[in-house]
Amino acid sequence: MGEGALQVLITLAGGVNTFVMCWNMAMALPMRGRTAYLVASGAAMAFDIVTGEVYPAVTRIHFLLCMFILPPFLMRGPVARRLVATALCIGVAIAGEVTGFLFLVLAGKPIDAAAVMAEDPVLFLALRLLAFAVLVACGRVVCAFMARWTHGARINVVLPRFAATALCCAVLASIMYSLFVAEGISSTYPLARAGVTCMIALPLILVVLLAQVERARRTAIARAQADVAQEQLDACLAEYDHVMRATVRTAQLRHDARNHLQAIDALMAEGDFERAAAYAREMADLLAHEDGESS
């Protein structure tokens, strides 16, 4: 394969990776104007591919707008969830590139994209494809995380801490990565090794915070289930109380009806039909009153 074809493939792979970053950002949370955001990102990606070497500033502005500025304002939901989604997507975008350059560090080569592309374009294309795989896989993980672990209003105490830390880590990692790539610092420099160590250590801090988010999520679920169980118990107790009152009224009514019937039979036997009729009317009024209460 000629160098020209390799250069085209590398450029296309870089543009596709940029679009996948924007796609992950658009899918992490519900977003206002998602279609317009993706169309604009695709158009900017095409413009970057065509004129990237002529207008390199456009690429930087495109990345800054689509990854840092617009998503937190376009996403729907609480601020903490939007910050978490933005930070994680930025982290995924950086992880895609850092994963490839970690291989360069292990191989003892300089962390310089231009040098690697000039020396071994096939290796650089492989790094771009590896970054694409990381972006797609981690993007799905971020979407699953945002759909499950950050849901619920009761974890809004823990979630902002996680959001702030994740956003700081993502911004710090992006700055360090940009400096290493732009300056072409060799992996033998202590600063480069310290930077790579920080990039590896920062996600461990996020894992600890993620455990706190998970603990808060489970507590929120348990509390919600307890509230539902309490409501069901209150409803059962109210129904039981209603049934008990109805049972007591029924027993009293049965006792009163038996007494009235015995009195009516005695009066009928004595021939006192007027008093027997009065007892019968009283019994009818009692039954009508009880029927009105039960209804």
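Filtered by the rule that a residue be of a type outside the set (D, E, K, R), part of a loop (DSSP other than H, G, I, E, B) and on the phi < 0 side of the Ramachandran plot, the stretch 7-44 gives Leu29, Pro30. Give me the residue from the stretch 67-81 that is buried (at least 21 other Cβ atoms within 10 Å of the Cβ) and at pLDDT 80 or above and, out of that set, nearest to Asn24 (Cα to Cα). My answer is Pro71. Evaluated against (1) closer than 21 Å to Leu129 by Cα; (2) modelled with pLDDT of 80 or more; (3) more than 28 Å from the chain's Cα centre (by Cα), Ala43 falls short on exactly one condition, (1). For Asp48, the conditions (1) surrounded by fewer than 15 Cβ atoms within 10 Å (Cβ to Cβ); (2) at pLDDT below 80 all hold with the exception of (1). Scanning the stretch 15-32 for residues that are touching a helix residue (DSSP H, G or I) at 6+ places or on another chain (Cβ under 6 Å) and farther than 12 Å from Cys89 by Cβ yields Gly15, Asn17, Thr18, Phe19, Arg32. Just wondering, is there one or more residues in the stretch 7-23 that are over 23 Å from Phe124 (Cα atoms), surrounded by 18 or more Cβ atoms within 10 Å (Cβ to Cβ) and touching a Cys at 6+ places or on another chain (Cβ under 6 Å)? Checked the stretch 7-23: no residue is over 23 Å from Phe124 (Cα atoms), surrounded by 18 or more Cβ atoms within 10 Å (Cβ to Cβ) and touching a Cys at 6+ places or on another chain (Cβ under 6 Å).
The values are calculated or read from the model by the stated rules, or taken from the named source; none is laboratory data. Just so it is clear, the structure is predicted and the values come from calculations on it, not from any experiment. Glycine also receives a Cβ, built like all others from the backbone with ideal geometry; neighbour counts cover every protein chain displayed.
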